[in-house]
Structures are given as structure tokens and as C-alpha cells.
Amino acid sequence: MAKVELVNVSKRYGEVEVVRNIDLEIEDNEFIVLVGPSGCGKSTVLRMIAGLEPISGGDIRIGERVVNNVSPKSRNVAMVFQNYALYPHMTVRENMGFSLKMSKKSKSEIDERVTAAAEVLELDTLLERKPSELSGGQRQRVAMGRAIVRKPDVFLFDEPLSNLDAQLRTQMRMELKKLHMKLATTTIYVTHDQIEAMTLANRIVILKDGFIQQVGTPVEVFEKPANVFVAQFIGNPPMNILKGIFKTEEGRPVVQVGSSVFPLPNGQGSSLQSGAQVLVGIRPDAIKMGRSTERLPKEWLCQGEVIVSEILGGQSLLEIVIDGENKLIAEVEGRVIAQPGETVPIGFEFDRMVLFDPETTNALS
Amino acid sequence: MREVSRDRIKAFLTLLPSIILIAVFVYGFIGNTVWISMTDWGGVASLAENPQKNFVGLQNYVELFTGFLDARFRQDLVNAVYYSVLLLAGAVGLGMFIAILLDRKPRGEDFLRTVFLYPMSLSFIVTGTIWRWLLAPQGGVNIVPTFFGGEKLTFQWLSSKQALLLFNWQHLLPVLLYVVAFVLIIIGLFTLKGDTPKALKRYLLPGLGLGACVWLFGDLLPQIYFMEEMHGFNLATLGIILATIWQYSGYTMALYLAGFNGISQDLMDAARLDGASDWGYYRHVAIPMLKPITISAVIILSHISLKMFDLIFAMTGPDNAETGHPALNMYLTTFRANEFSKGAAIAIVLFLLAAMFIVPYLVSSYRQRRARS
Ligand SMILES: Nc1ncnc2c1ncn2[C@@H]1O[C@H](COP(=O)(O)OP(=O)(O)OP(=O)(O)O)[C@@H](O)[C@H]1O
Ligand SMILES: [Mg+2]
């Protein structure tokens, strides 16, 4: 159990800088999820923390110790790889006990700890098998078992569930969460999967091109994205972004979008001049239709023309055009069956609306 | 169903020509050689138009192993055993060692790889000639120390008459049993750490028991020969072994290097995180993972060493008794002495020796395949 601290860490391969001046403080027992598009440097950050990749600048601290020049085996971190990286010639038992054997633990202690870990992961009956005789989910468990027998200070996961089918992934995700609660160990977890990020993380770190875009709790990054990239990267479907002009109307701040006027009930954009260009972000689930519009104030309602509607079980996805020009994706409760071309009343939760600067694409307070 | 059987017929017809050819020219001729080895074809009239061939059973084999005139064959056989064992140990060990060094990605790895692989492409005659010069008593390797101000070596690489580990052929049976006991004990010691009860029960205790029995009661075993006849490891074969190792370690290096390169980065990283040192990674992960490669190398090298002919011919000629080899002996017996039946018997002995290496491998891989399906 330990804090992990990255101070101004960077990584260059020759001329190419793939991780740029990252500052990140990870609390003891925290579950941190790194997300970002492919090639943004997530695995590189993880490998630098593990010591598998030397860092080009800055400091990495695990616990109180600067580990820049500490070898991987002395950092006491354990890593779970996407393709599991099990030793194919060893049995499950030997795979899980390998690190203990390398650290010259006694045979009885290895046995005891492997058995205990196998019980936690329900691998007891598979201990004498080789990895080639296991299913994907079981291999995944063995990889986790190999990590937990060591009682490391930090767990590192690099897309551990992405080789599993959807159902198994959901199940393993829950088990991971339980495991983290039981073991209470600092965890850094890389994933492509939004849901994994939202459900597992204490805090999410969004990376792009080697830069940190935002660090925050799942709700924070969802509701208060730091910039347009985060707004569109987090959430599925992504946040709607419309062009608008900031104004003050009858003493109250509003945004003119097309011919509609959106109120700003939370005082968003208070720092802006009247007439300033802004980008308006609205989450698809902040758009309401049908009965759930009744709870909204009158001035938060308007009319929209339905282009397409899709029913996803309990919810529906609709593509809507307002004012004949601005296209929006809405994710609404219930099964809304609307004919294309039909015009229906819709409502906005304007208090959840976010404004961005069109130049820098950063969020405006 | 009909489709399947038609497919099968097609497959069978396609394979038929090669099945027939192999049946005749490989297995048929092996059978013919076995038959000839059990006749008395040879001697004065052996080249007559219709030579006499009378069935004599195993007499040729009995003569080879216990006949007064065939002492040279017995030394050749002992040579072949040492030759195979040392070649295997040398070429596999050295090849693995170079592969590990190159796997550390030193500068110029590509170039070095080619350099080490290059001897493979030479013919044995060329290798033999080069090494004959290098190992000449008055030059080559022997004068290397003089470059550093040392004394000239005087070792007779190819014609030394010294021999180590001499044993009396009369006592072949107890010696073989000692070897078996020794191997069992070694295996037992190696597995002792991993699986103690099994190591004790399967290897260590039987090995010790067998050794003790032979020691106590070995005198009761029959002597297979009527007089004392000493055989051992002829030091003159060292030069030939060196040359063969030189030629083949590049090949085993290439096999291992390809294997090492095929191990994923993640697996290496996992081993490093698990606390394996560089050496630990090779010792516990990489080399055990490449067991199939080791097995293929052993099989290929062992049958090459049992068939070795041209290299020895080029290095010491066919008549140097110290460096003889059963394959050379077979050639001399068959085509110079015209003892066709005895030559065939030598061929069959070599064939059986090679089978000793290959059959266990085939059986185990067949079993594995069955277990998997
Ligand atoms: N050894 C290397 N030499 C040069 N560039 C590298 C090397 N390893 C990684 N990179 C580059 O570093 C960048 C970050 O790679 P990284 O593997 O960290 O991405 P990632 O975020 O994990 O992507 P993914 O989601 O696809 O796994 C990539 O642009 C990649 O091309
Ligand atoms: Mg990656």
C-alpha cells in the first residue's frame, strides 16, 4: 500500500515525445483509471511506473521513495497484461508462485499464499493445469492471482479485460471491484472501456497525445469536462456540441443558439462579454422527452424535429434537429417511438449545460 | 458422408506414389539390409554374379560385439557414443550461450548472427580440411600460445594415442548398468528440489539400488568376451568433436535465437516484474519454454553424429584407428573388405542407435497430440 506520485514525468523515443510533463498524485488505496485514445501513452505511463521503461524526465515516487533508478523487481508493483502473459510451460500453481520462488520464499509459504489467492479467485480446482488448458476468463484470473500473491504496493492493469466477451467482462469487472475493496491496494488501471472507467474508478485520468486532459471523479469528468475533447471522449453517445453566442437578456445570461435562446441558470459563462462566441455542450441524457419534460421549467422547453429514433431496450436514442439547423443526439427514458419528420416537444436540463471557449476548446466557468 | 469418403480416396491416391516409393526404397531396403545382415554374404566369392547368401541368424552381430577380429568396431562404437554425447553437450550448450548473448541485443547483432551461422553452410570436407590444418601438430592451434610468449603446445590433436575412462569390454554389462544407475541418480538429483517424493521413488532410490547391486553382485554377470580388451575415450577424437561443434553451434544458436525472439515482450516484462534476474529469466522462463527446440536440436544432432563420415574422412582419413567411427567402419567393411553381411550388420546397429534417440521423441509427441485432441 503506497501513494504513487508522478512529477513532471516525460518520455521520449528519439525525437518523439510520447508522454509530456505529467503530474499526477495517486492516493493510497485509490483506484485510478487511465483512459484515452489509442496511442496516447497510457501503456507507456504504466510501464514507466513499473520500471519496464526508463523515464526521460521528471520523478516517479512510490511511497516515499523516488524510484527513477530502481529496478522493476524492487519496486514491489505487480502488473496484469492484456494478453495475460502467463508462463505457458508452468502450471497455474507455478505461475502464481513464480514471483515468490524468485524472492526465495520457503516452499510452505509459497504453497500457503498461492492456495489463499486461488481460493479468493476460485481457482482451487485448476491449480495443476497449464494455461493452454484454461478458458480466457480463467487465464485472466490466473494473471490476477499472480499479481495478488505478491501483496504488492501497487497493482497495474493494462486493459486486462479487453480480450474477454462482453458478459464475462461485466462479471470480471464486478469481481475486480470487490477485489479492490477486499485488498485495498493502490491500483492504476488502463482501459478503453467507458463503463469500466466509470464504474471502477475513484478518479479518472484522461490522456491525449501524452498530455493529461483532466483528472477527476467519474461524475466530475462526466458533468464538468475540462474541454471539448473530454466532453466527447467520455460518455456514449458523446456530448452534443453546438455553436452559440453569449448574451445578456433582461439582465440574465443566455446563449443564442440558432434562433433559440438557452438560459444559463447556473451562471455559466459569467466571465464573458456579451456577444462572445461560445461552444455549448449538452449531454444526450440532459435532453428530455415525453412525461419527464413535465418536471422542467416552462422556458426550458422547445420543439424539435425527429430524424431517426432507435430503441435500446429501456431507453431510446433519437436524432433531433432544433431550429431547422442544429442536430442533437438525445438519450431518453422509455421507448419513444417517433416517426421521422415528426415535430415533438423536448426539454433541456440547462443547469447541466457546459460552455467552452471556441478558440482553446477549454471549459468556461 | 459420401463426400468425405471421396475426399479420402482422392487424398489416398495423391499420396500413393510417394507411399509406394518410400515403402520400397526406404523401408524395403531397411528390410533388405536386415536380411543381408543375417546372411554370410562376404569373402572371396562375394562379388560373383550370384553370390552365395546363407542364413546365419545373428552370427554377424555376435561377432561384432564379441568376435576377436572386430575389436576395432567396438572402439568405433565407443567413439561414436562419446562423439554424440560431447557434440550434443557442446553444440547445444554453446549455441544456447551465443543465442543468449545475441538476445541481449548487442550492437551489430545482425552481423554477428551471420558470422556464427556461416560455418553451417560449409561442406564437411571443407570444414575437415580447415581443421586438419588448424590442428596440425606443428602449427595452427598449437602455436597460438607462442603469440603470447608461451610455450608451443605439443598435443597431438588427431593422432594422440591417449585414452581416458578406460573400461574392459569383458565387463560391458556391469558398465552399462552403472551408466544407467548414474543417469537415474543425476535425474533424481535434478528433480529433487521440485517434486521430492517422485524424485526419490522414481529415480534416486532405484539408481542407488541398481548401483549397489552391480557393485555387490556385478561379478555374477557373465563376461561377454573371452579376454581383456580396453576401450575408452580416445583423445584423438577431440579435434573432430571441436570441428563439429564449431560447425553446428551456429545452427543451434539460430534455432534458439528464433525461439527467444518469439517470446513476447509482455512475458519478458512479467518475468522481470516477478523478480527474475536476466539469468533467472533464461533459466526459469525462456529455456524451459523452448524445450521443443532443444528436443529437435538433440534429435538432429544425434543422428548427424551417428552418421558422421565425411568430416572424419577429411580430417584423419579412413584408416586412423583412434578416430574411427562405425559409419567409416561400415564403408570399409562393405566396400573394401567386401564383407557385405557384416557391413549390413553395422548399418543396422547404427540404425538401432539412431532409433533410440528418435523413437521416444515420436512416441511422446504422438501421445501429446492424442492428449490434446
Ligand atoms: N519503443 C517505442 N519506440 C517508439 N515509439 C514508441 C515505442 N513504444 C511506444 N511508442 C509510441 O508511444 C506512443 C504511446 O504508446 P502507448 O503504447 O503508451 O499507447 P497506448 O495509449 O497504450 O495505446 P493503446 O490504447 O493502443 O494500447 C505511441 O504513439 C507509440 O507509437
Ligand atoms: Mg496500450
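The values are calculated or read from the model by the stated rules, or taken from the named source; none is laboratory data. Keep in mind it's a predicted model, so treat the numbers as computed, not measured. Cβ: placed from backbone, ideal geometry, glycine included. Neighbour counts: every protein chain shown. Quick note on the areas: whole protein, heavy atoms, side chains included, nothing else; ligands and nucleic acids left out. Shrake-Rupley method; radii C 1.70, N 1.55, O 1.52, S 1.80 Å.
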Positions within segment A:265-314 being in contact with a helix residue (DSSP H, G or I) (Cβ under 9 Å, 6 or more places away or on another chain), buried (at least 17 other Cβ atoms within 10 Å of the Cβ) and in a strand (DSSP E or B), in sequence order: A:Leu279, A:Gly281, A:Ile282, A:Lys288
Count of residues meeting criterion [open to solvent by 20 Å² or more (accessible area, probe 1.4 Å) and within 9 Å of chain A (Cβ to nearest Cβ)] in segment B:276-287: 2
Number of positions in segment B:251-268 that are without any contact (Cβ under 8 Å) to a residue 60 or more places away in the chain and either more than 14 Å from chain A (Cβ to nearest Cβ) or surrounded by fewer than 20 Cβ atoms within 10 Å (Cβ to Cβ) (or both): 7
Failed condition for A:Ile32, given (1) open to solvent by 10 Å² or more (accessible area, probe 1.4 Å); (2) within 16 Å of ligand 1 (Cβ to nearest atom): (1)
Leading residue by the ranking (farthest from B:Ala321 (Cα to Cα)) among those in segment B:145-159 that are among the hydroxyl-bearing types (Ser, Thr, Tyr) and in a loop (DSSP other than H, G, I, E, B): B:Thr154
Selected residue (criterion: modelled with the lowest pLDDT) from residues of segment A:98-114 that are more than 10 Å from chain B (Cβ to nearest Cβ) and surrounded by 16 or more Cβ atoms within 10 Å (Cβ to Cβ): A:Lys105
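Give the residue that is farthest from A:Asn227 (Cα to Cα), with candidates limited to residues of segment A:315-364 that are polar (S, T, N, Q) and not in a loop (DSSP other than H, G, I, E, B). Lay out the reasoning, then the answer.
Within segment A:315-364, the first condition is being polar (S, T, N, Q), and the residues that meet it are A:315-316, A:326, A:339, A:343, A:360-362.
Subsequent filtering for residues that are not in a loop (DSSP other than H, G, I, E, B) retains A:315-316, A:326, A:343, A:362.
Details: A:Gln315: 27, A:Ser316: 27, A:Asn326: 21, A:Thr343: 32, A:Asn362: 4 Å.
The qualifying residue farthest from A:Asn227 (Cα to Cα) is A:Thr343.
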Filter pass, A:Met79 being within 16 Å of ligand 2 (Cβ to nearest atom) and facing chain B (nearest Cβ under 9 Å): yes
Hey, A:Pro263 modelled with pLDDT of 90 or more and out of contact with any Ser or Thr (no Cβ under 6 Å at 6 or more places or on another chain) or not: no
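Within segment A:1-37, which residues are part of a loop (DSSP other than H, G, I, E, B) and either among the charged types (D, E, K, R) or more than 16 Å from A:Val205 (Cβ to Cβ) (or both)? Write out each step before concluding.
As a first pass, look at segment A:1-37 and keep what is part of a loop (DSSP other than H, G, I, E, B): A:1-3, A:14-15, A:27-30, A:36-37.
The answer is A:Met1, A:Ala2, A:Lys3, A:Gly14, A:Glu15, A:Glu27, A:Asp28, A:Asn29, A:Glu30.
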Out of A:Ile60, A:Ile55, A:Ile49, sole residue that is over 24 Å from B:Met289 (Cα atoms), assigned to a loop (DSSP other than H, G, I, E, B) and more than 10 Å from every other protein chain (Cβ to nearest Cβ): A:Ile55
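Taking segment A:118-130 only, how many residues are assigned to a helix (DSSP H, G or I), closer than 25 Å to A:Ile188 by Cα and open to solvent by 10 Å² or more (accessible area, probe 1.4 Å)?
Narrowing segment A:118-130 to residues assigned to a helix (DSSP H, G or I): A:118-120, A:124-126.
Subset that is closer than 25 Å to A:Ile188 by Cα: A:118-120.
From the residues that got through so far, the ones that are open to solvent by 10 Å² or more (accessible area, probe 1.4 Å) too are A:119-120.
Count: 2.
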Failed criterion for A:Arg150 (all others in (1) assigned to a helix (DSSP H, G or I); (2) in contact with a strand residue (DSSP E or B) (Cβ under 8 Å, 6 or more places away or on another chain); (3) open to solvent by 10 Å² or more (accessible area, probe 1.4 Å) hold): (1)
